[in-house]
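For reference, the structure discussed in these notes is given below.
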Amino acid sequence: MNTLIKRVGTTYLPVGDPKTASQWYQEKLGAVEKYLDNEKAILDFAGQSFFLVKAIPGERTGFTTSDGHRHFSMTFEVDGLEALEALRKDLLLKGAETGEIENRGHAGRNFIFHDKDGNAFDVWSELSPSYRGI
């Protein structure tokens, strides 16, 4: 497929306080802060920029499914089950809210974690072929 769009460059996340949210992402996920003011923090990690934008209380990423469950809107990839287990263990040790590793009936395994503002993210053990050099 030929497309002019090459990648996702920036993701915007709602947060209560950009400074404390930025610290959370740096400590828990190894993000690198590139900019900070009262309204936003700009972080680099996972191959893109994340803007942590000050939002009204209770705003979160994701959506509610037709059966009433809150759903994440983003999946991070790691390279294999061992990496998935290691990341989950590391997040737990750092005090992050983290779900169990799941078998969802497709290749690989997943788990969900939440940032300090309640934004949910999925992690999948299968790295995309373009990142594996295939």
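Structure notes:
- Of the residues making up the stretch 14-73, just one is open to solvent by less than 50 Å² (accessible area, probe 1.4 Å), without any contact (Cβ under 8 Å) to a residue 12 or more places away in the chain and among the polar types (S, T, N, Q), namely T65.
- Test: residue in the stretch 24-37 that is more than 17 Å from the chain's Cα centre (by Cα) and under 25 Å from S125 (Cα atoms): no
- Filtered residue count, the stretch 111-134, keeping only those that are at negative phi and either hydroxyl-bearing (S, T, Y) or part of a loop (DSSP other than H, G, I, E, B) (or both): 11
- Among all positions in the stretch 91-111, there is at least one residue which is farther than 26 Å from T64 by Cα and over 16 Å from the mean Cα position of the chain (by Cα).
- The set of residues from the stretch 4-13 being open to solvent by 60 Å² or more (accessible area, probe 1.4 Å) and farther than 21 Å from A96 by Cα comprises L4, I5, K6, R7, V8.
- With a requirement of 1 or more residues that are within 28 Å of A107 (Cα to Cα), the strands (runs of 3 or more DSSP E) lying completely within the stretch 31-95 that satisfy it span 40-45, 48-54, 75-77.
- Residue ID - surrounded by the most Cβ atoms within 10 Å (Cβ to Cβ), chosen from residues in the stretch 93-124 that are aliphatic (A, V, I, L, M), free of Cβ contacts under 8 Å to residues at least 60 places away in the same chain and under 24 Å from E59 (Cα atoms): V123
The values are calculated or read from the model by the stated rules, or taken from the named source; none is laboratory data. Quantities reported herein were computed from a predicted structural model and do not represent experimental measurements. Every residue, glycine among them, receives a Cβ derived from its backbone with ideal geometry; neighbour counts consider all protein chains shown. Each accessible area value is taken on the protein alone, full model and side chains, heavy atoms only, with ligands, DNA and RNA left out. Shrake-Rupley method; radii C 1.70, N 1.55, O 1.52, S 1.80 Å.
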